[in-house]
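The values are calculated or read from the model by the stated rules, or taken from the named source; none is laboratory data. Since we're looking at a predicted model, the values are computed, not measured. Note: ideal-geometry Cβ built from the backbone for every residue, glycine included; neighbour counts use all protein chains shown. Calculation scope for accessible area: heavy atoms of the full protein, side chains included, ligands and nucleic acids excluded. Shrake-Rupley method; radii C 1.70, N 1.55, O 1.52, S 1.80 Å.
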Amino acid sequence: MNELKTAIIDIGSNTIRLVLYQYDNEEGLRELGNIKTVARLRTYLQPSGEMSDEGIQVLSETLLTFKAMLEDFEVTDVKAAATAAIRQAINRDKIIEEMKERTGIQIELLSEEEEAYFGYVAVAYSMGTKSAVTIDIGGGSTEITLFENKEIQQSHSFPFGTVSLKQRFVKGDIINSSEKKELLAFVKEQFQTLPWIKNVALPIIAIGGSARNIAQIHQQKHDYPIASVHGYEMTKENLDDLSLFLGQLSFQELKQLDGLSSDRADIIVPALEVFRVLMEVVSSETFQLTKRGLREGLIIQRILQTDTQAFDKYNVFEGNARRLARQYGRSEVEVDYLMHLADQLYRECCHLGYLQYHPEDLHLLAKAAKVFNIGEYIELSSSSQHTFYLIANQSIDGLNHLERVKLALLASYKNKDYFERFAAPFATWMSREEHRKIRDFGALLKFVYALNVSKRNIVHAIEMHTEEDHVQLNIYVKKNAAAEKYQANRHRKHLERALKIPMKINFIEEGWNNG
């Protein structure tokens, strides 16, 4: 599949959402628009099990509004997927038939197994975590999966979600202490029916709007220095502290809370308590967030059916880094070439003992080489600032936030002063030794980048050897390298500082006649 412009209508128990996507081989999957209606369809399920006429009317009006928007966007390829609220309604066939008649939109009702599976697909293809327990808590159901080495092992769907838990356990707008106790006991009992999650001690990856809101509240509360929740990580202690904090707020205070959508003010605490219970049952230390979910799982699965190479769940970052580089004017050939030069220079430095070889260090260098200095696409004179901002402040599939900051610091390296300025908000994120290592690797990458300043890929080998009082660096080139000579000598001091030894550079022009 070379190109696809499509839309998903996700009919959930709490919200109905229209999301427009564009996919092409070059740029991957991009979100073009995202429109949400808080319909709370779950509240229209009557004791008899039927969805009321009022609920059907709310759904119909929402779909007609979305249909008009689809015409504005000129999108004709649409998939409408319904989950728990429709699934749990005994008049579901009538609802689906009526929607087709009233709106022309054919609703596909997802089974519990399908809903869980598509959530797993979204996580597997957007997160670097190899093994985890996922939770997708919606308004009317909660899906749990277990995957190991990116392969799904188990899945289960519980017929409760944030809206149904609130209906069952909470009498007022917000939960009180006795209600919370009952809710916790119920959820714990439910989760303990799954022997395959008990004490597996894997990370929890949370999907859905409630999880994203919890991450946003935590970020706002701690003046978090970078944007986005995708790849954000919290601890069990963080969730416990947040539970105490939210438990002290009135309904009005919750509605005004930064990071929390006002329409989730009454269901955010039940959602948080569910996450806390799951972490306890799993014996998990890490709570990770993804902004991907059911919708992305549906699209990814569809694309993979026609192009099995479109996404690689085992190397999530690699494919995204290439797309990111391409987006900012970097060709595939140049990306590979910069990685090759970085690999050569690193190995030479290790061979002479100026750096200590570690495969994970080389892997980090290769990652950063792919996107080094991409900010020059915006403006050459301030490329360092643009590079750091672009990488640190956008969701990058396959990276958590610490990995993203390390990548941004490496890829934006200009000099020691700039590095320290960019690194200052993240002083507590890494050790002094790690900080110094990233700074030194940044200097190495800056030098490598100088060796291809003319974008002609003319350096074919790098060789280092130690003299009495300096390092001799021989750069073998295929043709005249005036621009590379100038740039390499300008940036030599950064590499000398990193390796702690003076350096002499000799460009050896092979197969090129000076005369």
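Just subtract the alpha-carbon distance of residue 186 and residue 64 from 0.36 nm times their residue separation and send over the number in nm, one decimal.
Extra length from residue 186 to residue 64 when fully extended: 40.1 nm.
What residues of segment 93-118 lie in the reach of a label at residue 301, counting those whose backbone N is under 13 Å from a point 7 Å from the Cα along Cα→Cβ?
Flagged as within label range: 108-118.
May I ask for the percentage of alpha-carbon pairs in segment 1-49 that lie more than 12 Å from each other?
It works out to 66 percent of all Cα pairs.
Could you list log10 I(q)/I(0) for segment 111-213 at q = 0.13 Å⁻¹, which the Debye formula gives when each Cα is one point scatterer?
-0.49
What is the angle, in °, between the Cα long axis of helix 332-351 and the longest principal axis of the Cα atoms in the chain? Nearest 10 is fine, range 0 to 90.
Orientation of helix 332-351: about 60 degrees from the principal axis.
Send over a whole-number figure in Å² for the accessible area per residue of the chain, probe 1.4 Å.
Each residue of the chain exposes 44 Å² on average to a 1.4 Å probe.
For segment 310-358, list log₁₀ I(q)/I(0) at each q in 0.18, 0.19, 0.31, 0.33 Å⁻¹, using the Debye formula over Cα point scatterers of equal strength and ignoring solvent, two decimals each.
For the requested q values the scattering log ratios are -0.70, -0.74, -1.03, -1.09.
How far, in degrees from 0 to 90, does helix 383-392 lean away from the longest principal axis of the Cα atoms of the chain, to the nearest 10?
For 383-392 against the chain, the angle is about 30 degrees.
In nm, what is the difference between 0.36 nm times the number of residues separating residue 198 and residue 466 and their Cα-Cα distance?
Working: separation 268, 0.36 × 268 = 96.48 nm, distance 5.67 nm.
Computed gain between residue 198 and residue 466 is 90.8 nm.
Using a Cα-Cα cut-off of under 26 Å, which lysines could be cross-linked to residue 416, ignoring same-chain neighbours fewer than 8 residues away?
In chain and number order, the partners are 367, 370, 406, 437, 446, 455, 485, 493, 500, 504.
What does segment 383-515 give for Rg and for Dmax, in Å, if only its C-alpha atoms count?
Cα-based Rg and Dmax for segment 383-515 come out at 16.9, 57 Å.
Taking 0.36 nm per residue of separation and subtracting the Cα-Cα distance, what length does fully extending residue 26 through residue 318 add?
On the way: separation 292, 0.36 × 292 = 105.12 nm, distance 1.36 nm.
Extra length from residue 26 to residue 318 when fully extended: 103.8 nm.
Between exposed chymotrypsin sites (Phe, Trp or Tyr not before Pro) in the chain, where DSSP calls loop and at most 12 other Cβ atoms lie within 10 Å, what's the longest gap?
1-313
At 7 Å along the Cα-to-beta-carbon direction for both residue 72 and residue 258, put a label point, then send me their distance in nm to one decimal.
Going by the 7 Å Cα→Cβ label model, 3.0 nm.
Along the three principal axes, how long is segment 155-299 when you take its alpha carbons, biggest first, rounded to the nearest angstrom?
40, 37, 32
If you line up the long axis of helix 209-221 against the longest principal axis of the chain, both from Cα atoms, how many degrees apart are they, to the nearest 10?
Compared with the principal axis, the helix lies near 60 degrees.
Based only on the alpha carbon positions, what is the Kirkwood hydrodynamic radius of segment 328-386, in angstrom?
The answer is 12.5 Å.
So what's the projected area for segment 1-145, the Cα convex hull averaged over all directions, in nm²?
9.4
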